[in-house]
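Taking it in order: structure first as structure tokens, then the write-up.
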Amino acid sequence: MTNIEASNILPYHIDDICKEDRGIDVVEVEGAVIAHVACVDDIMSELKYPCRIEAFVAVLCVRGEVSFSSHLSDYRLTENQLFVASSTTMQFKSSRNAELYIVAFTSDFINDMNLDKRLLLPIFMSLHRNSRVMDVPTTAIERVRPIFCRFYDEYPQLASTPFGRGALRHLVCSIIYRLCIGLSESAAPVDVSSVKDRSIEYFEKLMRLLSENYRTERNVEFYADRLHISAKHLSRVIRNYTGKSVHQWIDEFVALEIKNLLRYSSLSIQQISYQLNFPNPSFMGQYFKRITGMTPGQYRRL
């Protein structure tokens, strides 16, 4: 078992999981996290809760199958598939003997390590627009997996000195570049839509605007104005494309964030209500119960 530091980037209750020795290795090195989950089934009780990840994240499935949501859309990863996203709320739904490697890193890490933005920027810009699932060639998996193993093997002796921690950060850079090699060799994204009209464009722009503004803006008119269309037209387009109204998407974004803060922060219910711009905790409680069927206090005690 690798030495563990509680992660601010992947805020799952990692310390508690590792105390039970359930086959997860997690290491955080100043702006980046590398994790290996030997069998997702064993920790599904923790991963089933929504978790906000304010970072670039890549999830590589090397065995089995796992289902999860990101940006309120559902995804399924099978062997030799890679999921990539940025600043998302993830919630794992099910797993069948899935083994995963997870890499998450902040934009500050990219700047501090002077990664070549000419190569990486097109990929990262696409992540801001939408999450992706991609097939990765077996040859690329074979190149990436050994450096993950090397990272965990070398962590104990390198983590204790500044020089060693610098070496670890460069190993993370190598992992990122190798993942990008896999992306460049992969086929087209698995989840490309066949929709020909502008519905998908409006939907993706709405999701991006929601991820940036849902804490303070919950009126359809606000998002319609930003998209330069009428609220009525936006509502019709989104409902026809997704089966949900804009109001429902807004409510789901806000409810996910409340769940995330209840589960992974020490903020009181009152503090959460103020942080999310509710007039008072009672109003947030009624809002949350309408969407989830339970009060914030009941959810926190789960």
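How much net charge surrounds Phe288 when only the other residues with a Cβ under 10 Å from the Cβ of Phe288 are counted, with Lys and Arg +1 and Asp and Glu -1?
So the environment of Phe288 carries a net charge of +2.
Counting other beta carbons within 10 Å of each residue's own, what order do Met134, Met44 fall into, fewest first? Could you put the intermediate results ahead of the total?
Values: Met134 19, Met44 15.
Exposure proxy ranking, most exposed first: Met44, Met134.
Counting Lys and Arg as +1 and Asp and Glu as -1, what is the net charge of the other residues whose Cβ lies under 13 Å from the Cβ of Leu276? Please list the in-between numbers first.
On the way: positive: Arg52, Arg215, Arg218, Lys259; negative: Glu217, Asp251, Glu257.
Counting the neighbours of Leu276, the net charge comes to +1.
Please list 163-171, 200-208 highest first by mean number of surrounding beta-carbon atoms within 10 Å per residue.
Highest-to-lowest ranking by the protection proxy: 200-208, 163-171.
Report, by chain and number, residues whose modeled amide H sits under 5 Å from the one on Thr88, excluding near sequence neighbours (fewer than 5 apart, same chain).
Those lying under 5 Å, H to H, from Thr88 are Ile53, Ala55.
Which whole-Hz ³J(HN,Hα) couplings does the stretch 287-294 yield from phi under the Karplus relation 6.51 cos²θ - 1.76 cosθ + 1.60, θ = phi - 60°, glycine and proline marked x?
4, 5, 5, 4, 8, 9, x, 9
For each of Leu10, Leu77, count neighbouring Cβ atoms within 10 Å of the residue's Cβ, then give the residues from fewest to most.
Taking fewest neighbouring Cβ atoms as first place, the list is Leu10, Leu77.
Please give the length that would be gained between Met294 and Asp74 if that part of the chain were fully extended, namely 0.36 nm times their separation in residues minus their C-alpha to C-alpha distance (nm, one decimal).
Using 0.36 nm per residue and subtracting the Cα-Cα distance, I get 76.9 nm.
By counting other Cβ atoms within 10 Å of each Cβ, how are His247, His36, His228 ranked from fewest to most?
Working: His247 14, His36 21, His228 7.
Going from sparsest to densest Cβ surroundings: His228, His247, His36.
Shape of the stretch 222-274 from its Cα gyration tensor (a ≥ b ≥ c, root eigenvalues): rounded if a/c is under 1.5, otherwise prolate when a/b > b/c, or oblate?
Judged from the Cα gyration tensor, the stretch 222-274 comes out prolate (a/c at least 1.5, a/b above b/c).
Around Leu262, what is the net charge, scoring Lys/Arg as +1 and Asp/Glu as -1 over all other residues with Cβ under 11 Å from its Cβ?
Once all neighbours under 11 Å are counted, the net charge is +3.
Computed from the coordinates by the stated procedures, all read-outs in this text should not be read as laboratory data. Worth saying up front: this structure is predicted, and the values here are computed from it rather than measured. Methodologically, a virtual Cβ is constructed for each residue, glycine included, from the backbone with ideal geometry; neighbour enumeration extends over all protein chains shown.
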